[in-house]
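The values are calculated or read from the model by the stated rules, or taken from the named source; none is laboratory data. Here the structure is a predicted model, which is why all the values come from computation and not from measurement. Glycine gets a Cβ as well: all are built from the backbone with ideal geometry, and neighbour counts include every protein chain shown.
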Amino acid sequence: MKVAVIMGSISDMPIMQEAIDILKAFDIEIEVDIVSAHRTPEKLFDFSQNAHTRGISVVIAGAGGAAHLPGMVASMSPLPVIGVPIKSSNSIDGWDSVLSILQMPGGVPVATVALNGAKNAGILAAQIIGSHNNSVLEKVIKYKIGLKEAVTIASESIQK
């Protein structure tokens with residue numbers, strides 16, 4: 001099972017790297033590419049219509065500004081799409097990206113994470129894959145236990 005991490009521009013890479021890093025931590029195979037909804041529409045169409053034939057199970061799509069990439073992929077792909085709104089240089093404080101990804105019409109769902117929330121997109125993708133892959137599921141469980149342990153340690157440290 002493989003996750004595609006795509007973004008509209010190379011400037012999105014610092015944010016999307018968080019998704020890549022967490023997926024690598026879960027030992028999930030990743031395909032990374034730049035697919036611009038506005039500048040490379042033919043590539044967008046090809047990617048969206050054929051990703052499932054290449055073994056992709058989940059798509060994480062990050063975009064800033066008008067942020068049409070996740071929705072356009074979702075409109076043409078049978079795969080689950082997780083949208084990452086990115087606060088970019090041409091963004092209106094990121095709200096344009098959030099609303100572009102969040103406000104999808106009925107029948108074209110995009111799971112949307114927080115602004116610049118690529119790490120959570122990676123975790124969600126791992127959870128989706130883990131629902132059918134016990135190895136990944138066990139890694140997600142261990143990760144969540146680690147989160148709990150970190151809070152417990154922090155709590156104990158301030159109680160002293």
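Among the residues of the range 27-70, those that are buried (at least 23 other Cβ atoms within 10 Å of the Cβ) and in a strand (DSSP E or B) comprise Val58, Val59, Ile60, Ala61, Gly62, Ala63, Gly64.
Working only within the range 1-28, note down all residues that are charged (D, E, K, R) and closer than 17 Å to His68 by Cα.
Step one: filter the range 1-28 for residues charged (D, E, K, R), giving 2, 12, 18, 21, 24, 27.
Across the range 1-28, the qualifying residue is only Asp12.
Look at Val140 and say whether it is in contact (Cβ under 8 Å) with a residue 40 or more places away in the chain and touching a helix residue (DSSP H, G or I) at 6+ places or on another chain (Cβ under 7 Å). Give the steps one after another, and end with the answer.
Numbers: in contact (Cβ under 8 Å) with a residue 40 or more places away in the chain: yes; touching a helix residue (DSSP H, G or I) at 6+ places or on another chain (Cβ under 7 Å): yes.
Yes; evaluated as a whole, the condition is true for this residue.
Condition check ((1) surrounded by 12 or more Cβ atoms within 10 Å (Cβ to Cβ); (2) at positive phi; (3) in contact (Cβ under 8 Å) with a residue 40 or more places away in the chain) across all residues:
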residue	(1), (2), (3)
Ser77	yes, no, no
Ile82	yes, no, yes
Asp93	no, yes, no
Leu99	yes, no, no
Gly106	no, no, no
Ala114	yes, no, no
Gly122	yes, no, yes
Ala125	yes, no, yes
Ile128	yes, no, yes
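Results for (1) of a type in the set (Asp, Glu); (2) modelled with pLDDT of 95 or more; (3) assigned to a helix (DSSP H, G or I), shown as yes or no for each residue.
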| residue | (1), (2), (3) |
| --- | --- |
| Met72 | no, yes, yes |
| Ile82 | no, yes, no |
| Ile92 | no, no, no |
| Asp96 | yes, no, yes |
| Ile101 | no, yes, yes |
| Asn116 | no, yes, no |
| Lys119 | no, yes, yes |
| Gly122 | no, yes, yes |
| Ile129 | no, yes, yes |
